[in-house]
Every structure is written in structure tokens, then in C-alpha cells.
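The values are calculated or read from the model by the stated rules, or taken from the named source; none is laboratory data. The structure displayed is predicted, hence computed values, not measured ones. Backbone-built Cβ (ideal geometry, glycine too); neighbour counts: all protein chains shown.
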Amino acid sequence: MAMNGLSKMVATALLLVLAIVPAAVAVTHTVGGADQWDSGVDYTAWVTGKTFRVGDILEFKYTPSHSVNEVNKAGYDSCGGTPIDTHSGGDTKIDLDTVGPKYFICPTSGHCASGMKLAVTVVAASGTPDAPTPPSSTPGTPATPESPPAAGTPATPTPGSGSTPPPKPSGASKGLVSYVMVGVSMVLGYGLWM
């Protein structure tokens, strides 16, 4: 095969790898896992240890006795209020497109009060910086700036200081590396075979 043909094959293989990469970056989180969006599920426990990034998708799967309302923090806390968005139909996919907290409840009478509500914090997509987090303060009390550590003392974040550790890497970054390695292996293997 001529060098021109090999170049076309290498280019095609690289395009294939690049076409697969975006699919590896976004993660679809089925809310509640195997239990899905239903009464009696501990959604606080389900969220623990998960990282939700911009570009990920929350998928709510549920029976006709449920639905999904996206609400603000007050609506989440009170299990009511005016919803930001409402969904029904049994399979709702919500794109996480902004950094920050997101709140969801089941508006069916008594369901939210029984724990059928979800709060997630969305962080920036891999490779982009997180939005700065303002220091928290008690209402009516101004936030005080953090004092610098004494000379020779390492700076360590304190709870509530506004400093948070970086999020744990998601499975998406591991999947991305796998796809790239497979693509590179294909290209190199093809080159050696020729």
C-alpha cells in the first residue's frame, strides 16, 4: 500500500478516536441507581461519593405515580414552592449545564416529605476551572477574611472556610484515557501491520 493510503488510514483511525472521545466525557447518572426515582430511596446516600460535572446527565426513571420538579433551595427545603421546571412521563433526562447546586423533588403529595428529593452540586467539566465559592457566613453577620498561616506553617483549609478539596476524578476521565489508548493502539498496530 502506498504511503498516501497509509496516511488516509491513520487519519481515519484518529478521526474515529476523536469522535468517540466526547461520548466518554459525559456521564449519565440514573437517579437512585437500581431503585430509580421512587419512594423509600435514600437519595442523600445515593449522591455520596459521586461527582456531577457540567455535561453530565441526570436520568430520572419512575412510575406514573411520580414526577420530577426542579426547584430552588427553598422549594427543596419546604417540599413545595413554584417549580423551575416540571417533568412527567417516566423517563426524564436533565442536562447538567451550569456549575452549582441543583434541587429536585417529587411533587406527589407526601412523597417529598418522605424523602423523595434530590440535591446535587455540579462542578466544572474536567479541564475547566470551578467557579469560585464565596465564603459562607451566618445571616446578618459579615463574612470575615481568613487570616494567613504563621510563617513556616502549611496552609490547611478549615471546614466552612470556602476552601474545598478538588473533586475526585470521575469515571469519565478513566474512560477517556481508555478510548484514547485503544485508538492509539489501533493506529500503531495498523502501522506496524502494514
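Taking the range 66-83 as the range and being not in a loop (DSSP other than H, G, I, E, B) and not small (Gly, Ala, Ser) as the test, the residues that pass are VAL68, ASN69, GLU70, VAL71, LYS73, TYR76, ASP77. Checking every residue in the range 99-107 against the condition of being surrounded by fewer than 17 Cβ atoms within 10 Å (Cβ to Cβ), part of a loop (DSSP other than H, G, I, E, B) and on the phi < 0 side of the Ramachandran plot gives zero matches.
Checking the conditions here, which among ALA119, ALA125 is more than 16 Å from TYR62 (Cα to Cα), in contact with a Gly (Cβ under 6 Å, 6 or more places away or on another chain) and hydrophobic (A, V, I, L, M, F, W, C)? Exactly one of ALA119, ALA125 is more than 16 Å from TYR62 (Cα to Cα), in contact with a Gly (Cβ under 6 Å, 6 or more places away or on another chain) and hydrophobic (A, V, I, L, M, F, W, C), namely ALA125. Residues in the range 69-81 that are surrounded by fewer than 18 Cβ atoms within 10 Å (Cβ to Cβ) and either touching a Lys or Arg at 6+ places or on another chain (Cβ under 9 Å) or modelled with pLDDT of 95 or more (or both): ASN72, LYS73, ALA74, ASP77, SER78. Restricting THR82, THR108, THR86, THR63 to residues that are of a type in the set (S, T, N, Q) and touching a strand residue (DSSP E or B) at 6+ places or on another chain (Cβ under 6 Å) narrows the list to THR86. Filtered by the rule that a residue be part of a loop (DSSP other than H, G, I, E, B) and either surrounded by fewer than 18 Cβ atoms within 10 Å (Cβ to Cβ) or of a type in the set (Lys, Arg) (or both), the range 84-98 gives ILE84, SER88, GLY89, GLY90, ASP97, THR98.
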